[in-house]
Amino acid sequence: MATKPKLYYFNGRGRMETIRWLLATAGVEFEEAEYLETRDQYEKLLKDGALLFQQVPMVEIDEMKLVQTRAILNYIAGKHNLYGKDMKERALIDMYVEGTMDLNEMIMCYPFSSPEEKEKNFALMIQRATNRYFPVYEKVLKDHGQDFLVGNQLSRADVQVLESILMIEEYEPTALSEFPLLQAFKARISNLPTIKKFLQPGSQRRTEPDDRIVETVNKVLQL
Ligand SMILES: N[C@@H](CCC(=O)N[C@@H](CS)C(=O)NCC(=O)O)C(=O)O
């Protein structure tokens, strides 16, 4: 039996969360290595040569130690048939997903904003979600009238767009009010069995960032 992928990261969402989402969607059981809480743990990984670019996330999977979030996501999506059926579908998936990655970067960095920047960064994050990214996904669904974003079958694009929607809604519950097709999309994708399970309390999904995780990341990475 293949060993479970093992994830090396903090006890928080950050750059690892989308990896958790894709594994969970694919129905792959995974485990978290001891969460990074101290500088010593991180330095041990560095000393062991486990982090190719001295960064996390790192995932042990199929006898590899993979780093670089996109490389890890590409591997999981390709392996589990979440990456379209041909090059053209893959190009569309990549475009849609890169939009979510840009938005997620804002969501991920927001809790680390300085007190002076917090309000401005919050407004920009919600503005970008509702004026730049969500309209695109709404239009894609409207134009082809299908249930999934690409190729009429589930892909990582659906998963990553749902992930972004849910994170934005934690900050702005009315974020989808102007997007009826995305509302239906959210309900549909959230109801797929593996995703529904991942959304249940007590799953391996990590919670909203709080001061504790910000403090831990700053301490471990000496930011
Ligand atoms: N391009 C990398 C960036 C990874 C990254 O910046 N990771 C942070 C933690 S979320 C880190 O390890 N920072 C330490 C450093 O860059 O020295 C990826 O996508 O995985």
Legend entry - Protection proxy ranking, peptides 175-182, 82-89, average beta carbon neighbours within 10 Å, highest first: 175-182, 82-89
Legend entry - Alpha carbon convex hull of the stretch 87-191, projected area averaged over orientations, nm²: 6.4
Inset, instruction - Report P(r) for the chain: all Cα-Cα distances, bin width 10 Å, range 0 to the bin holding the largest distance, values in whole percent. - result: 7, 32, 37, 20, 4, 0
Legend entry - Cβ-Cβ FRET estimate between Arg70 and Arg39, R0 fixed at 30 Å, reported to 0.05: 0.70
Inset, instruction - Could you look at the chain and say what percent of its accessible area is carbon and sulfur, using a 1.4 Å probe and all protein chains? - result: 52
Legend entry - Electrostatic dipole magnitude of the chain [Cβ: Lys, Arg +1; Asp, Glu -1; Cα centre; debye, to 20]: 480
Legend entry - Net lengthening on full extension, Asn218/Glu169 (0.36 nm per residue, minus Cα-Cα): 15.1 nm
Inset, instruction - Along Cα→Cβ, 7 Å out, is where each label goes; now give me the distance between the ones at Glu116 and Phe53 in nm to one decimal. - result: 3.0
Inset, instruction - For Val28 paired with Ala91, estimate the spin-label separation in nm (one decimal), with each label point 7 Å from Cα along the Cα-to-Cβ line. - result: 2.7
Legend entry - the stretch 87-191 - charge dipole about Cα centre, Lys and Arg +1 at Cβ, Asp and Glu -1, debye rounded to 20: 280
Inset, instruction - Please give, to one decimal in nm, the separation of the simple spin-label points placed at Thr3 and Leu46, each 7 Å out from Cα toward the Cβ. - result: 2.5
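The values are calculated or read from the model by the stated rules, or taken from the named source; none is laboratory data. All values reported here derive from a predicted model rather than from experimental measurement. Cβ sites come from the backbone with ideal geometry, for glycine too, and all protein chains shown count toward neighbours. Just the protein is used for accessible areas: all its heavy atoms, side chains included, with ligands, DNA and RNA removed. Shrake-Rupley method; radii C 1.70, N 1.55, O 1.52, S 1.80 Å.
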